[in-house]
Each structure stands twice: as C-alpha cells, then as structure tokens.
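**Student:** The structure under discussion is supplied below as structure tokens; questions concerning it will follow.
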Amino acid sequence: MPSFSSNRARRLTQLLGLAAAAWLGVAGIRKTLVGWWSLSDNPDNWRRAVRLDPSDANLWWRIGLLEQWDFSRANSRQALEDLERAARLNPHAAPIWLDLAMAYEAGGKVQQAAEAYRRAREAFPRSADVSWQYGNFLLRQGKPELAAASVQRALQVHPELLMTALGEFARAGYPPAWLVEHVLPPQPSAALRAVEFFLAQGDLDGALLAWGRAVSQQAPVPLPQSVGLVTALLNGHRFAAARTAWQQALQMAGIALPDERQPVYNGDFERDPLNGGFDWHLEQAPGVRVELDPVVTCSGHRSVRLRFDGTQNVAFQHVYELVPVRPGARYRLRACVRTQGLTTDQGIWLAVTPVDQPDRILGATSPLTGTQPWHEVEAELTVCSECPVVVLSIRRSPSSHLDNQIAGTAWVDRVRLEAME
C-alpha cells in the first residue's frame, strides 16, 4: 500500500506539471497575440503587443516612427524615447540609428544626432543609405567637404543618385567647379551624368567643366553620349567650344577627325545620323518621308532618300548639318543626287547658309526635277567673315504654279564641302 508521503509527492508532481503546462499555454497565447498584433495595421495593437513583449526593438521602432511622423499621433518627446529604447534593444540596427538621428536633428539636438549617425556607421560601415543620409546631415550642418566625401561613398553603390546629390549641393550654394571637384565619383560615367545635370540647368560653363573631367579620364565614350553637349553649345552660339568638344568627342569614340579642308561629317550617311552636334539632322515634314536607303547608293552602303507623296507644296529644308568652317574662306559644295518622277517646277537642291539666317544663301546647286540618274552637282561659295559655322541643307522651295504638290523620290549621297584655298 502506497505511503502518504509518496502520494503527496505524486500530487505535487502533477500540480507542477499542470502549472508548467498552464505557464507554457499562457506564454504561447502571449506569443501568438504579440505576433498577431505586430502584423496589424492598427497602431493601437502595436502598443498592446509591446506591453506583452517590451523587448521587441522593431515594435518600439515602428511606434517611435508613428509618433514622429503621423500628424494625428505626433508626439516628438515620446517618439525620441521609443526610438532610443529601440536602439538600446538592438544597437546593431543601422536603420534604427538613422531614424533616431533624424528625430534628434528635428528636435534641435545636433550633437546627439551626430552621435546617432556615428552609431549607424559603426553598425553598418558599408551601407550606402547610411553614407547618403549622413552626408546630407553634414551638408545641413555646413561641413561640405565631409558631406561630399560621405555622399561619394553612397554614389559608388547608387550612381543613379548623382543628379539628386548635385542638386542638393547646388541648392546649398556651391558652384559648378566645386561640385565637379568634390562631389563627382571617379567613374567616367559620373562626369557624363554631370554634363547632363548642368545642361538641364542651362549652365554651359558647368557642363564644360564636367566635360573636361570626362576628357581627362581618357575613357572610351560612345558618340551619342557626347552629342548633347555639342548641340547645346551650338544652340548657345558657343561655336569655338562646340568645335573643340566635337573633336574631343570623336576621339573618345574612336572616330577619325574630319579633314579641316573637307569638314562635312558623315557626308556619305554611313553612320546613323545623331540629329545633333556636327552630324546630320533628319527631320520629317508634311508630305515627305525622310529615311536612309541601304539599296540605292551613289557609293558606299547608304544614301538619304526623300519620298514626296504628292499631297503638299512643301517648303523643305529638313535634312541639314551644321559644319565648322573658316570664316571668309572659299569652298566648293559637291554631292551626288538622283531623282525619279519628281514633279512640279521646283525640285531638290543643296544650299549653304549662315546659322540663324536660312534665307541668306552663300552657295547653292541647281534644282533637279523629273527622273535623272546619279550625277554630281556642285556650287562654289565664300563663307561670310562672321561665320565660323554654316548650315548645309537639302532643300525644295514652294512652287507658285497651280500644279504645285510635289510627288516622286530623290536620293542624296557623298555630300562634301571642299576648301578651295
């Protein structure tokens, strides 16, 4: 027969088991509630969760952010306390330190903000996000060199932020030369993006400074990436700078420079026109289809073809190239032209004019109509003394006749401008 002491021990064991089971059950329920409330969209549930589990750093972080940024719940003092608690619970979480740093700065506690940024960098030294936010903080505190160095580290990982970085420093009052020297990362692509930035600001001098950085790096650059600068310089009548930049762009693209005595670039249309710089512009016009023809050529592999559909009395000058020349010099304009069924009394001709003076003809070939095989046309001209750049265009003048809607096709190839002296 069991003794009284053994029965008592058995009952005690059973009670302890039940207590443990109850405790585990409560702990399980508590854990389930914390998990469910943590995932809730209702911030009140986050508070309920953190009361059950005050060791959850992420919950304190979320609550602190809510109290800082949600206008309906804004409480900056409580936000700081909750973010500080989150940072104490998880001192290795750089994002928590970053948010705490911003909260300190917003409250005017600059020294504490600087320390929080230091802790964020310590927690994640290679974080681009940390470097970016710390750099912006330093910029706001009037420490531009340190700010630029930190931002540069971020740009090594996120080069797409370069435009934003340049904008921030520019708005803070730092000039283009300073931006090029201190903000640009060493990659050649960064200098080219900086050229785009300054062009978007309408700052040609800044664009030239960034372009100088790109040129000095001697890295290969496809010509289409450079043509925007040359076009902007031409539009701004910075002709000497445009010519120099064009020569540099050709060299960086591995393209031979045109002979100064024959300055037309891509006169045989072998390269795809860039529609900018000192290359051909091929633009469409009502009643005309402009395209490259890889079949019908005077020489080489392509010509430019104009197809008139017979619906317009078109004034056409939509295929043109800006050409650098020597002011006052004599040139001979030459081209290969073919026509097929070209109607009306006004045909196709080539002309050279000053920039911005399309009606001042320096030299022109005779108009061609009807059907004519490939043959060379030419004209002599003297460049005006004030013209370092001229416009060479393919043209058709409007007809004054009743039957004036032009139809047919014309081809042009091997366009040249040859110095005669």
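**Student:** Can you give me the long-range amide H partners of VAL314? Hydrogens built in the peptide plane at 1.01 Å from N, cutoff under 5 Å, separation of 5 or more residues or another chain.
**Tutor:** ILE406
**Student:** If we count other beta carbons within 10 Å of each Cβ, what is the order of VAL288, VAL412, fewest first?
**Tutor:** Lowest count first: VAL288, VAL412.
**Student:** Turning to a different aspect of this structure: Would you order ASP82, ASP129, ASP279 from fewest to most other beta-carbon atoms within 10 Å of each residue's own beta-carbon?
**Tutor:** Ascending number of Cβ neighbours within 10 Å: ASP129, ASP279, ASP82.
**Student:** Which log10 I(q)/I(0) values, to two decimals, does the chain give at q = 0.06, 0.08 Å⁻¹ under the Debye formula with one point per Cα?
**Tutor:** Results for the chain at q = 0.06, 0.08 Å⁻¹ read -0.50, -0.68.
**Student:** When 1/r is averaged over all different Cα pairs and the result inverted, which Kirkwood radius in Å belongs to the stretch 272-421?
**Tutor:** The answer is 15.6 Å.
**Student:** For GLU260 paired with HIS182, estimate the spin-label separation in nm (one decimal), with each label point 7 Å from Cα along the Cα-to-Cβ line.
**Tutor:** Label at GLU260, label at HIS182, 4.1 nm between them.
**Student:** Using the basic label-point model (7 angstrom from Cα toward the beta carbon), what is the VAL295 to THR164 distance in nanometres?
**Tutor:** Each label point is offset 7 Å from its Cα along the Cβ direction, giving 5.1 nm.
FYI, it's all coordinate maths here, none of it is from the lab. Owing to the predicted nature of the structure, the values given are computational and were not obtained by experimental measurement. Every residue, glycine among them, receives a Cβ derived from its backbone with ideal geometry; neighbour counts consider all protein chains shown.
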